[in-house]
1. Sort out which residues of the range 6-31 are in a helix (DSSP H, G or I), hydrophobic (A, V, I, L, M, F, W, C) and under 17 Å from L280 (Cβ atoms), and write them in order of number.
2. Residues A151, A138, A209: which one is in a loop (DSSP other than H, G, I, E, B) and in contact with a strand residue (DSSP E or B) (Cβ under 8 Å, 6 or more places away or on another chain)?
3. Could you run through the range 175-221 and say how many residues are closer than 23 Å to P120 by Cβ, buried (at least 21 other Cβ atoms within 10 Å of the Cβ) and aromatic (F, W, Y)?
4. Can you work out which of the residues in the range 284-302 that are part of a helix (DSSP H, G or I) and of a type outside the set (S, T, Y) is nearest to A202 (Cα to Cα)?
5. Taking R163 as meeting all but one of (1) within 22 Å of S7 (Cα to Cα); (2) within 15 Å of the chain's Cα centre (by Cα), write down the number of the exception.
6. Quick one: which residue in V208, V196 is closer than 26 Å to I260 by Cβ and within 18 Å of the chain's Cα centre (by Cα)?
7. Among the residues of the range 84-100, count how many are outside any helix (DSSP H, G or I), touching a residue at least 60 places away in the same chain (Cβ under 8 Å) and at negative phi.
8. Confirm whether A282 is under 29 Å from G238 (Cβ atoms), loosely packed, with under 13 Cβ neighbours inside 10 Å and either touching a Leu at 6+ places or on another chain (Cβ under 6 Å) or of a type in the set (A, V, I, L, M) (or both).
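The values are calculated or read from the model by the stated rules, or taken from the named source; none is laboratory data. Everything numeric in this text was worked out from a predicted model, so none of it was measured. With ideal geometry, Cβ positions are generated from the backbone for all residues, glycine too; neighbour counts draw on all protein chains shown.
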Amino acid sequence: MALTKDSLGKLGLWTFQLDMQPMREAQKHVARLEELGFRTVWVPEAVGREPFASTSLLLSATDEMILATGIASLYARSPMTMQAGWKTVTEAFPDRFLLGIGVSHQPAVEGFHGGTYDKPLSAMKKYLDAMDNGFYFAAQPTSPPARALAALGPKMLQLSAERSLGAHPYFVPVEHTTVAREALGPDALLAPEQAVVFSKDADEARSVARGFMKTYLGLPNYTNNLKRLGWTDDDLSGFDGGPTDRLVDAIVAWGTLDDIAMRIQDHLARGADHVCVQVLSADPSKVTMSEFEQLSTLIPSL
């Protein structure tokens, strides 16, 4: 057996909401998500829980669900430590853990971890080499450990196809999925994140979306990627110093379940294998189970 891109299912969830709950409550919620039919849940690393501990505890509360990191920062731990965590969780939960690795962002690398952020592609190549050549004398996994790379630009996307299961792009419009599939080739995993707001009120939905987008539009990796796709400085800051409605609507899908389903289908039609949906709300500390339940009704038709 081995975890493949088809193991993830067409629709998954990307959420920080579980980190905001006491772990025992988070375990109950993830068990409910498995009951609803979700095969994969992605959890982040930045200012929340340590991802290997978190995913292990969440996996222990489910029977078949896959937990994926979106993403574990290579600057947060040495390559040999990353390899050890990867193999430890995979050995305990065969075919149920996907390690998403990324170079993160300069403010986080230098501000949180005291590292030096430079040449992301070279850093990733060097890190993967060291990770793959590190020592690990504990009990080995019975199935191959699986990983994916956070990737936006063409060279990192190509590296994702060469050195991992594939790519996990974050904070991208649907046109990036077309570009990413071309760069990856036909066989590698393409699993974009898609933020959504369940609201038919344009002002309300865009207000929630702008609150979410504010942090990411301050990070050059994301703004440079948008500019590669043809978005301009006016798009990034043309509405009271923030993103225009057009860019908000491209990054965050909002409206009815049917509206959100159309965006998911658009990613799939452009070459995505798996879309991990991030549900946004005015109160990010609450678990949006009602919205998750609505999304689960789409699974049989995808």
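1. L18, M20
2. None of the other options fit; the residue is A151.
3. Residues in the range 175-221 being closer than 23 Å to P120 by Cβ, buried (at least 21 other Cβ atoms within 10 Å of the Cβ) and aromatic (F, W, Y): 0 in total.
4. Only one residue tops the list, namely E291.
5. That leaves (2) as the condition not met.
6. None of the other options fit; the residue is V196.
7. So the count comes out to 5.
8. Here the answer is yes, as A282 does meet what is asked.
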